[in-house]
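Heads up, the thing below is written out as structure tokens.
The values are calculated or read from the model by the stated rules, or taken from the named source; none is laboratory data. Computed from a predicted structure; not experimentally measured. No Cβ is skipped: glycine too gets one built from the backbone with ideal geometry, and neighbour counts run over all protein chains shown. Keep in mind that these areas ignore ligands, DNA and RNA; they rest on the heavy atoms of the full protein, side chains included. Shrake-Rupley method; radii C 1.70, N 1.55, O 1.52, S 1.80 Å.
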Amino acid sequence: MDFGLSQEQQMLRDAVARCLADTCPLEHVRECSERDNPVSDKVLDALQGLGIPGMMIPEEHGGLGMTLLDAALVAEQLAYAVAPVSFLASHVLAPLALSEAGSEDQKVRWLPKIASGEAHISVAISETVEARDGAGVTCRGGKLDGTALFALDFAGADAFLVADTTGRLHLVPANASGLEKIPLTTIDRTRSVGELRFAQVTAEPLADDSGFTAGRLRDAGRILLAADSLGAGQAMIEKAVDYSGQREQFGRLIGSFQAVKHMCAEMAAHHEPCRSLIWYAAYAYEAMPEDVSLAACQAKSHTGDVHRFVARTSTEVHGGMGFTDLVGLHYWFKRIGFDRQVLGGPESARAEAAVLQGWIKAA
Amino acid sequence: MDLDYGPEYDAFRQEMRLFLKLHGHRAPTGQARAARPSAEAVEWQKLLIEHGYTARTIPRDYGGYGSEPDILKSRIIAEEFSRAGIPGGLANQGISMLVPTLLELGTEEQKRQWVEPTLKGEVVWCQGYSEPGAGSDLASLKTSARIESGEFVINGQKIWTSTAKQADMIFCLVRTEHDAPKHGGISYLIFSMDTPGIEVRPLKTMTGHAEFNETFFSEVRVPVGQIVGERGQGWFVANATLGHERGMLGDPDALENRFQALVRLMKEERIGMGRAIDNSVLRDRLGALQAEVAAMKCNGMRILSNSLKGEPGGMAKLIVKLQSCELAHQISALAIDAMGEMGILYSGSARERMRGTWQWNYMFQLGLIIGGGTAQIQKNIIAERGLDMPREPKLPKISGAAKGTADMLRQKQGSA
Ligand SMILES: Cc1cc2nc3c(=O)[nH]c(=O)nc-3n(C[C@H](O)[C@H](O)[C@H](O)COP(=O)(O)OP(=O)(O)OC[C@H]3O[C@@H](n4cnc5c(N)ncnc54)[C@H](O)[C@@H]3O)c2cc1C
């Protein structure tokens, strides 16, 4: 047994980290986050150089055929740099859905283009977790009606992969007639989300009509959101430690106050086990598919709680400075806030875990 | 223990209810976030002063209502505003901090000049205490004032100056006695924000708005008469107002109002077929917060009774800032959780709830956990003053050579 990253995985992680350190300084994040579409072509191009857009796409379709654990490592680095690029839906969930449940024709049509960066598919599966504002999409006679909230990696998508109320996934081109796209603005200006309204929209269903694939996407999405929080939390902890080694009050470094040391130590103590849990969950996605849903719920809910704590505590260590825009700490704070709420907050993920284990019946 | 206020107070309460019924519609509806009160808010403020529902105990000569202090009546007033959901009197830094300070320590002339226009919302103040190098350790502040031909000449920088852009006046701590010990060299000055040599630069915060500013002083000349208290006593003058600020941040009625807003939200917010409040986990957190709000309200009553009897507030008072700010933050946190994915909508997004107020509160209340004395400093105070625990040992003064070595070591560690 070896609970750890392979050498290739470490190299992948380091390569992505270096690439982002070069192309995605905070100043660049600031510029991008002020635009309607935050996606940075510069950073995306650099990631293209590493093959990241195709990382989850099978080799026969032009990708690298990597695993969800690899993707989790990338997600962590993207969040560490608060990189304003599409990734979760466009480069992980959509490729997974098409590879696992797409027809040969769908694969051939989309996967090579996603791998090369020519196409990008947004994913909207929030209503399979919980329906807000009466949202939900129904499919009758091949036509979609209704609303899907929180389509991820929304801006610039060429197509949308949407779950209907039975959990079946449908592929809809962005220019489909009867489809209305409304951008949503969240606290996190480094990622793009939106709402989709369907009025008799012709869609192309994926073959699986059991809801299984949507469940797989939910698992993968939760694991990657947790990994994103992990990277953002890592940055926040490092920043708090750095700051407390520089800032002086009462004639001493604030890091020499036990109160401040304990805040940092507590963050680290809560944070580090999350990394292990996320690795386990991501590994389980391919290696132990029967275990992954529970692990995903745990990773999502636990990381969500831990990193809410990390986000506020790191801000507190920075004093008033943490609350300003000057050090930009809030970019990570908000990224963590986003990760916590999307695809079910901790309460919702824990309720699902209870159902999965038969503790209670599904509501 | 006797919770009956007595017939006189019941009558007072009825009177006030009638007032609110008759005049409540004149209250301003806009956001209380604005630094400069609207014309509507100023009119409402004047009406409240006239009837003694704000500035109640401030002497008539200075523009108040001039009634004897009666804490129970003040309490009833706060309760009734909260109950009716109608904004009470203005609460800004001028009214909450400067006015009490002037009344306590100002000269007759200062009181006559500043209290009334401040109460009426005509003069807006900002607080110039913190500096880039002096936050928790406020007494180490460096902004200096030398005396030159009957004027203080001020140089230096303040930071976190809320509302400096809108303010007419500033109450400001400066170092006037350079060789005095650090707490003994500070003076408390009041001056116009239009004085030449003041530059205000807005400071954007995590909420996306510029709630504060940096304020720069370069050869700012202020007549020597514009000092409150004596030279070198500014620290003690300021401490009088810090107490008022912490009181302002811990208002139990504000907590109750936020909590009620949360209950409304959770009844309206729908998850699938049900309401957020039907979810037993969220409801349990709601119930826990309600009990905490109740505890803080009762705690407030106890503090009130102690001060009626002229007794010190003790532990009940020392914990108010720490607990209230945390509680306010937790109320917003639950609101966000109850909204699920909708909880992160912001900046005027489609489907945003209450114009993003809950997210703004969540972030701003984290700011308030830090501002006005951080949570860690509050805990130090609770431990040392409330629990009489041993104080942090004072560090020996670091010699130049030792500091050099320490810096070198630190740099080495930094590069490793
Ligand atoms: C929302 C908000 C509004 C504000 N409004 C105003 C205003 O209007 N006017 C004004 O003058 N100022 C204002 N301030 C400034 C505020 O008072 C300071 O931010 C606060 O006192 C903390 O100082 P600092 O930011 O320099 O943090 P620091 O003092 O640098 O603190 C950094 C960290 O070190 C910790 N620390 C410091 N000393 C100790 C110690 N002895 N023991 C343990 N831990 C310690 C702190 O708790 C914190 O975690 C405001 C601040 C905020 C956030």
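Quick one: net charge around A:T324, please, counting Lys, Arg +1 and Asp, Glu -1 for every other residue with C-beta under 11 Å from its C-beta.
-2
Need one number: the % of Cα-Cα pairs in region B:249-386 sitting beyond the 27 Å mark.
Within region B:249-386, distances greater than 27 Å cover 28 percent of Cα pairs.
Chain A: longest stretch without exposed chymotrypsin sites (Phe, Trp or Tyr not before Pro) (DSSP loop, at most 16 other Cβ within 10 Å), sites themselves excluded?
Maximal segment without exposed cleavage sites: A:4-249.
Considering only DSSP beta bridges where both residues belong to chain A, give the percentage that are antiparallel (nearest 5).
Of all bridge pairs located within chain A, approximately 90 percent are antiparallel.
Summing Lys, Arg as +1 and Asp, Glu as -1, what charge do residues with Cβ under 10 Å from the Cβ of A:V162 carry, A:V162 excluded?
Around A:V162, the surrounding residues sum to -1.
Give the lysines whose C-alpha is closer than 20 Å to that of A:K300, dropping any in the same chain fewer than 8 places away, or say none.
A:K334
Calculate, in nm to one decimal, what B:R302 and B:H23 gain on full extension: separation in residues at 0.36 nm each, minus their alpha carbon distance.
97.3 nm
How big is the Cα convex hull of chain A in projection, averaged over all directions, in nm²?
It is 18.7 nm².
State the percent of C-alpha pairs, over all pairs in region B:125-231, separated by a distance greater than 21 angstrom.
Distances greater than 21 Å cover 30 percent of the Cα pairs.
Could you please put B:K309, A:K239 in sequence from largest to smallest accessible area, using a 1.4 Å probe?
Descending accessible area places them as B:K309, A:K239.
log10 I(q)/I(0), Debye, Cα-only region A:212-356, no solvent, q = 0.08, 0.14 Å⁻¹?
Log10 I(q)/I(0), no solvent term: -0.25, -0.65.
In terms of modelled amide H atoms, which long-range or inter-chain residues lie less than 5 Å from the amide H of A:Q249?
Here the answer is A:I254, since their amide H atoms fall under 5 Å of that of A:Q249.
Over the protein assembly as shown, consider all pairs of different Cα atoms and compute the Kirkwood hydrodynamic radius from their mean reciprocal separation; express it in Å, one decimal.
Evaluated over the protein assembly as shown, this radius sits at 28.8 Å.
Which whole-Hz couplings ³J(HN,Hα) result when phi for each residue of region B:348-357 is put into the Karplus expression 6.51 cos²θ - 1.76 cosθ + 1.60, θ = phi - 60°, listed in order with x for Gly and Pro?
With coefficients 6.51, -1.76 and 1.60, one gets x, 4, 4, 6, 4, 8, 6, 6, x, 4 Hz.
Each residue of region B:91-104 in order: what ³J(HN,Hα) in whole Hz does its phi give by Karplus 6.51 cos²θ - 1.76 cosθ + 1.60, θ = phi - 60°, with x for Gly and Pro?
After applying 6.51 cos²θ - 1.76 cosθ + 1.60, I find 10, 10, 5, x, 6, 7, 10, 6, 4, x, 5, 4, 4, 7 Hz.
Report the accessible area of B:K46, computed with a 1.4 Å probe over the heavy atoms of all protein chains in place, in Å² rounded to the nearest 10.
Here the residue's solvent-accessible area equals roughly 70 Å².
Quick check on region A:121-205: of the DSSP beta bridges with both residues there, what percent are antiparallel, nearest 5%?
Just about 85 percent of them are antiparallel.
Give the separation of the Cα centroids, region B:1-80 to region B:102-139, in Å.
Comparing the Cα centres of region B:1-80 and region B:102-139, I get a distance of 23 Å.
For a quick check of your reading of the filter: which GluC sites (Glu not before Pro) in region A:60-134 sit in a DSSP loop and have no more than 12 other Cβ atoms within 10 Å?
Here the GluC sites (Glu not before Pro) that fit, given the DSSP loop and packing criteria, are A:E118.
Using a Gaussian network for chain B with springs between C-alpha atoms less than 10 Å apart, which of these wobbles most: B:L262, B:L203, B:L22?
B:L22
Per residue, how many Å² of accessible area does the protein assembly as shown show with a 1.4 Å probe?
With the other protein chains kept in place, the protein assembly as shown gives 43 Å² per residue.
Can you give me the relative contact order of chain B as a percent, contacts being Cα pairs under 8 Å and 6 or more apart?
Here the relative contact order equals 11 percent.
Per residue of region B:234-239, in order, report the coupling 6.51 cos²θ - 1.76 cosθ + 1.60 (Karplus, θ = phi - 60°) as ³J(HN,Hα) in whole Hz, putting x for Gly and Pro.
For region B:234-239, the Karplus curve yields x, 4, 6, 4, 5, 5 Hz.
Compute the separation of the alpha-carbon centres of region B:149-178 and region A:272-333 and state it in Å as a whole number.
For region B:149-178 versus region A:272-333, the Cα centre distance is 42 Å.
Taking every DSSP beta bridge that has both residues in region B:125-231, what percent is antiparallel when rounded to the nearest 5?
DSSP beta bridges in region B:125-231 are roughly 85 percent antiparallel.
As a test of reading the structure, rank B:F364, B:F212, B:F236, B:F171 by solvent-accessible area (1.4 Å probe, protein chains only), most first.
B:F236, B:F364, B:F212, B:F171
Using a cut-off of 19 Å between alpha-carbon atoms, which lysines can reach B:K21, once sequence neighbours fewer than 8 places away in the same chain are excluded?
B:K46, B:K73
How much of the pair distance distribution for chain B lies past 28 Å, counting alpha-carbon pairs only, in percent?
56 percent
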